[in-house]
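One structure is given below, encoded as structure tokens.
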Amino acid sequence: MASRLWASRAASYLRISTTFNRSFSTVLKDLKYADSHEWVKVEGSSATVGITDHAQDHLGDVVYVELPEVGAAVTQGGSFGAVESVKATSDINSPVSGKVVEVNEVLSDSPGLVNGSPYENGWIIKVELSNADELKSLMDADKYSKFCEEEDAKH
């Protein structure tokens, strides 16, 4: 009798913990977010761009990242590259307009950094901002978290 009770407790615990882990992606407070699931970290007139933890989680294992050339112009909402995963290929859209000043070359050999470290080592490009006012149209962490919850509820 005791072992059956333990088993049902363990099963309910596992069900709760897996549900919890699945639905809460990491969202960092000091970043801005686009509704296409890219993040941007602004330091002066420079912006670092990557895809969010939520996006990499939905994509699955990233196997290839298509990077733009340094010097390329990007526009807010416009595609500048792609992420290929075992499930699909998805465009990466720029949350800001400007000029690409650096690309994360490490991703050519280690595309999995997008999964393992989406906000640190898995960044994709750095952009010299051409219009800082565009940042006002992006979501903060709280709005982005709610956006993801609502989007997941629809699927």
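Values as computed for the structure displayed
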quantity	calculated
Hits in the range 103-119 (condition: exposed (fewer than 14 other Cβ atoms within 10 Å of the Cβ) and not aliphatic (A, V, I, L, M))	Glu105, Ser108, Asp109, Gly116
Cβ pairs under 6 Å, 6+ apart, first in the range 57-69 and touching a residue at least 40 places away in the same chain (Cβ under 8 Å) and at negative phi, second among the acidic types (Asp, Glu) and part of a helix (DSSP H, G or I)	none
Qualifying positions in the range 85-99 - closer than 24 Å to Lys41 by Cα and among the aliphatic types (A, V, I, L, M)	Ile92, Val96
Some residue of the range 13-34 being of a type in the set (A, V, I, L, M, F, W, C), within 23 Å of Leu135 (Cβ to Cβ) and at pLDDT 95 or above	yes
Answer from Gly71, Gly122, Gly78, Gly98 - the residue that is closer than 20 Å to Lys32 by Cα and exposed (fewer than 13 other Cβ atoms within 10 Å of the Cβ)	Gly78
Extreme residue, farthest from Ile92 (Cα to Cα), among residues of the range 27-51 that are over 12 Å from the mean Cα position of the chain (by Cα) and not in a strand (DSSP E or B)	Gly44
Test: residue in the range 59-73 that is part of a helix (DSSP H, G or I) and modelled with pLDDT under 95	yes
Neighbours by Cβ (under 6 Å, 6+ apart or cross-chain): first from the range 102-128, more than 18 Å from Ala47 (Cβ to Cβ) and in contact (Cβ under 8 Å) with a residue 12 or more places away in the chain; second of a type in the set (D, E, K, R) and not in a loop (DSSP other than H, G, I, E, B)	none
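The values are calculated or read from the model by the stated rules, or taken from the named source; none is laboratory data. Being a predicted model, the structure only gives us computed values, none of them experimental. Quick reminder, even Gly has a Cβ in these numbers, built from the backbone with ideal geometry, and neighbours come from all protein chains shown.
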